[in-house]
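Asks: What follows is a structure written as C-alpha cells; I'll ask about it next.
The values are calculated or read from the model by the stated rules, or taken from the named source; none is laboratory data. Computed from a prediction, not measured in an experiment: that's the story for all the values here. Note: ideal-geometry Cβ built from the backbone for every residue, glycine included; neighbour counts use all protein chains shown.
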Amino acid sequence: MDWTEILITVNTAAVEAVANLVHEEGGGGVVIEHRDNQISVITAYFPVGEATETILTRLENFLIQLEELNFQANARVKTNTLAERNWAEEWKKYYQPIQVGNIYISPSWLAAAPQPGSLAVELDPGMAFGTGIHATTQMCIHELAATVTPGKTMLDLGTGSGILAIVSAKLGAARVDAVDNDGLAIKVAGENARRNNCRINLRQGDAFDLFRQSTHDVVVANIGFSACTRLAQIYRAEQKSCTLILSGFPQERFPEFQEFYPYPLRSQGKDGWSCLVLERP
C-alpha cells in the first residue's frame, strides 16, 4: 500500500487548530515540529486514494476559513507519495524515547534506557495514532498514572497503537479493554500488547456503544472534540460512576466544553492542547 505524506507549513500561532483538524481526520500519527521565526510544520500520513483527496479538500477549505477570519496562518501544503517501506523509515526519524512521569516509552527499534524505577513501554506505532510524543497522549498518561491503581478496570476508547491501554496494564489494572473502529489499529495494538507482555482485550467496534455498556472504573478517550462532547453526554445521561479522561482537542475549545458540560471537572493543558477529567462527586 502507498501512503500520502502531508506536510503543512504554518504560523506557530495556528498550529494547534490545523493539527487538530488533521488529527480528527484520522492522520496516522501527527508530528509537529517548531522551527525558527514562529513557523511550524505538521506532518501526517494517509492511505493514497479518494478519501485522502477529500481530506485534502477539507484541509484547503479550513485554511481558507482561517484566513477569512483574519487568522494569519500563512499555510502551505505539500504532499509526497511514499511506498509502505519508505513510509516506515520516514516515520522512524520522528520517534525517540520519551519519559512521561514514571513511564518510559521507547520505539521497538531503539535500545531502551529507562530511568531506574520507571515502567518501560516498548512501542511500534505502525500506522496507528499514539506514539507518546503528542501532548494529548502525554497528558492522558499523566492522568492514568494518577488514577489507575492495582485492581481497577480500564477502558481505552479509540486505542490506536494501544499505548494508553498498555500503560494502564503496566500500572496494574486488573482488566484492560480497548476498542477502535480501525481494524489496522486493532492489529497494531495487539502486536504492541504482546511486545510488552500485557493482556489487553481488544475489539473492533463503536466506542460510544461500548462506553454506554461499560462498568469500568477508568475510561480514557484521546479522540477529538466532537467525540469527547458526545462521550460527556453519555457520561451525564447514563450517570456513569467512572473517572472519564478526555483529550484530543485544542485548549481554545475548552470554554465550549464548559458551556456544554457545566459540572466540576479537572483540566490541564500542554502545548495548546487540553485534557479533561470528569468524575462524580
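Asks: I'd like the residue in region 20-31 that is touching a residue at least 60 places away in the same chain (Cβ under 8 Å) and either in the same structural domain as Thr159 (by TED's automatic domain parsing) or of a type in the set (A, V, I, L, M, F, W, C) (or both) and, out of all such residues, is farthest from Gly160 (Cα to Cα).
Replies: Only one residue tops the list, namely Val31.
Asks: Now a separate question. Anything in region 22-72 that is under 21 Å from His134 (Cα atoms) and in a loop (DSSP other than H, G, I, E, B)? List them, or say none.
Replies: Listed by number, the residues that qualify are Glu25, Gly26, Gly27, Gly28, Gly29, Asp36, Gln38.
Asks: How many residues does region 38-84 hold that are in contact (Cβ under 8 Å) with a residue 12 or more places away in the chain, closer than 16 Å to Leu7 by Cα and acidic (Asp, Glu)?
Replies: Kept after step one, since they are in contact (Cβ under 8 Å) with a residue 12 or more places away in the chain, are these residues of region 38-84: 38-48, 52, 55-56, 58-60, 62-63, 66, 71-84.
Those left that are additionally closer than 16 Å to Leu7 by Cα: 39-48, 52, 55-56, 58-60, 62-63, 73-82.
In the following step, the residues that additionally are acidic (Asp, Glu) were identified as 60.
Qualifying residue count, region 38-84: 1.
Asks: Can you tell me which residues in region 206-230 are surrounded by fewer than 17 Cβ atoms within 10 Å (Cβ to Cβ) and farther than 14 Å from Phe257 by Cα?
Replies: Asp206, Phe208, Asp209, Arg212, Gln213, Thr215
Asks: If the Cβ limit is 7 Å and pairs must be 6+ apart or interchain, which residue in region 179-195 that is surrounded by fewer than 16 Cβ atoms within 10 Å (Cβ to Cβ) pairs with which residue that is part of a loop (DSSP other than H, G, I, E, B) and among the hydroxyl-bearing types (Ser, Thr, Tyr)?
Replies: That search, which allows pairs on different chains as well, returns Arg195/Ser108.
Asks: Based on what the data block shows, is Arg230 without any contact (Cβ under 8 Å) to a residue 40 or more places away in the chain and within 17 Å of Asn20 (Cβ to Cβ)?
Replies: On the way: without any contact (Cβ under 8 Å) to a residue 40 or more places away in the chain: yes; within 17 Å of Asn20 (Cβ to Cβ): yes.
Judged against the criteria, Arg230 is a match.
Asks: Continuing with the same structure: Look through Ile42, Ile64 and report the one residue that is out of contact with any Phe, Trp or Tyr (no Cβ under 9 Å at 6 or more places or on another chain), crowded, with 19+ Cβ neighbours inside 10 Å and not assigned by TED's automatic domain parsing to the domain that holds Asp180. Lay out the reasoning, then the answer.
Replies: Numbers: Ile64 fails: crowded, with 19+ Cβ neighbours inside 10 Å.
Within the list Ile42, Ile64, the selection yields Ile42.
Asks: Here are Leu144, Leu157: which of them is under 16 Å from His216 (Cα atoms) and in contact with a Phe, Trp or Tyr (Cβ under 7 Å, 6 or more places away or on another chain)?
Replies: Details: Leu144 fails: in contact with a Phe, Trp or Tyr (Cβ under 7 Å, 6 or more places away or on another chain).
It is Leu157.
Asks: Out of all the residues in region 173-184, which are closer than 11 Å to Arg203 by Cβ and not in a loop (DSSP other than H, G, I, E, B)? If you could, list the steps in order and put the result at the bottom.
Replies: From region 173-184, those closer than 11 Å to Arg203 by Cβ are 177-181, 183; that's our starting set.
Result: Asp177, Ala178, Val179, Asp180, Gly183.
Asks: Only one of Lys270, Lys240 is crowded, with 18+ Cβ neighbours inside 10 Å and basic (Lys, Arg); which? Explain how you work it out, then say what you get.
Replies: Numbers: Lys270 fails: crowded, with 18+ Cβ neighbours inside 10 Å.
Lys240 is the lone residue from the list that is crowded, with 18+ Cβ neighbours inside 10 Å and basic (Lys, Arg).
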